[in-house]
Amino acid sequence: MTVSCVLKMTLAAGVSAMALSSGALASNPEEMEARLAALEAMVAELRNELEAERARTAERDDAMANRVVELEAREQPASVTAAASPPGNGFMAGNTNITYGGFIDIDAHLTDVSDGDLAPTSITRDFYIPGATPVGGTGDSEPDFDFTAQGSRFFFATTTPVGDSEVKSRLEFDFLGSPGGNERVSNSYNPRLRVAWAEMGNWRIGQDWTTFQNTSAIPESASFLVLSDGMVFVRQAQIRYTNGNFQASLENTDTTVTPFGGGGRIESGDGATPDFVARYNIRHDGVNVALAAIARRLSAETGTIDGDALGWGVSVQGRVSLTDSSDLRFSATAGEGVGRYIGLNAINGAVATASGDIEPIPVYGGLIAWRQELGEGRRFNVGYSFLETDNDVALTGNGATRSVQSGYAAYLTSLGGGVTVGGELMIGNRELENGTSGTISRITLSTKYAF
């Protein structure tokens with residue numbers, strides 16, 4: 001029986017007793033008034049006790065409801081939260097959220113070189129590779145036209161909850177540089193692995209952009225890649241640790257060597273030490289800048305070459321917003337033995353000596369690019385890039401690359417629905433130690449549909 005029921009019964013009993021004695025009290029008005037005052041006091045006291053009991057009952061009900069919610073949350077599987085609403089173009093496989101995306105890229109290139117020619121199936125017909133610009137030959141005096149979709153790209157990304165953490169991954173492909181196709185009949189090209197990594201907590205393991213590179217410094221362009229002369233640009237297998245703004249990684253090592261006296265490139269996979277990269281990121285208020293350093297052991301054991309050397313490099317790269325509608329992208333890098341990290345390996349990492357040892361080749365370079373939005377999805381980009389080296393001519397010969405440089409201007413506009421069209425003009429130059437040089441000029445028209 002509740003307290004409220006007891007109070008009601010007590011009140012009823014008091015009223016009944018009062019009624020039974022009313023006849024006796026009728027002849028004594030003063031006693032009657034006293035009895036009524038006592039009854040009113042009793043009613044007031046009972047009302048206060050009843051309101052207090054109702055408050056205590058409400059508190060117990062609220063506590064019980066909160067306890068039920070807490071127990072239900074504990075019993076709910078962790079995957080339900082992740083599975084509730086996959087973002088964008090995603091779907092669930094068990095408790096793994098899978099998303100996908102990419103773009104279809106159709107590019108038309110009109111390329112002209114001053115010296116020599118570019119082979120019909122050469123990757124240099126699809127994007128700018130500074131060290132491949134022909135030098136010292138005789139051009140065919142006619143520009144070359146290429147229509148290609150090899151820059152098209154797709155990716156899959158996953159997120160799987162694991163306790164209080166989650167495992168993420170990314171797998172990305174395109175079709176550039178494929179050896180499996182030609183332009184004679186089907187233009188069929190093999191997929192090319194770009195990125196493949198898994199990440200949990202502070203650790204990322206797999207193939208990704210080198211930690212030495214800040215991808216926010218890559219200029220926007222109509223073609224696949226511009227201003228690569230002074231750009232740090234490498235993707236490779238690595239183990240990366242990230243803690244706040246600090247990153248460190250151990251990455252795949254590879255040494256490219258110029259033979260003694262010049263004459264091409266020897267690629268050596270020798271060496272028992274991975275490349276080490278340390279980086280500090282600065283990100284706030286439109287600023288995305290990375291300060292990076294690399295240390296690497298160059299090693300080559302092939303033919304008459306048997307040597308080791310220490311390579312190092314430092315770099316500052318990033319993007320800074322100038323206004324709400326414009327930004328500046330830049331990179332500055334210097335070091336010795338880091339040739340394959342900058343300029344798409346336009347300059348080798350080391351050179352062989354007459355005794356078969358190797359020496360690191362010093363390089364320095366950079367880029368700067370300005371992006372200006374014009375409203376309604378339109379924007380204009382312009383930039384310049386360069387890379388130079390201080391070759392030991394006695395070792396590399398007069399035919400070694402001394403410098404590469406390029407400039408470009410691009411206009412792009414977004415039409416909506418993920419469609420972007422644009423045009424671009426790029427001019428590049430490559431110079432050898434003997435002063436011989438060659439130029440490349442390219443006009444690109446592009447249509448891209450991102451999904």
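Read-outs throughout are calculated quantities, based only on the coordinates presented, and are distinct from any laboratory measurement. These figures come from a predicted structure and were not determined experimentally. Cβ sites come from the backbone with ideal geometry, for glycine too, and all protein chains shown count toward neighbours.
Want the number for ASN398 to PHE154: 0.36 nm per residue separation, take away the alpha-carbon distance, what's left?
83.5 nm
Arrange the peptides 205-216, 92-103 so that the one whose residues have, on average, the most other Cβ atoms within 10 Å appears first.
Packing proxy ranking, top to bottom: 205-216, 92-103.
Counting only C-alpha contacts under 8 Å and six or more residues apart, can you give the relative contact order of region 80-450 as a whole percent?
Details: 1094 pairs, mean separation 61.2, N = 371.
Rounded, it is 16 percent for region 80-450.
Distance between Cα centroids, region 279-351 to region 202-238: provide it in whole Å.
A separation of 10 Å, based on Cα centres.
When you count, for each residue, the other Cβ atoms within 10 Å and take the mean per peptide, how do 321-334, 235-248, 376-389 rank with the highest first?
376-389, 321-334, 235-248
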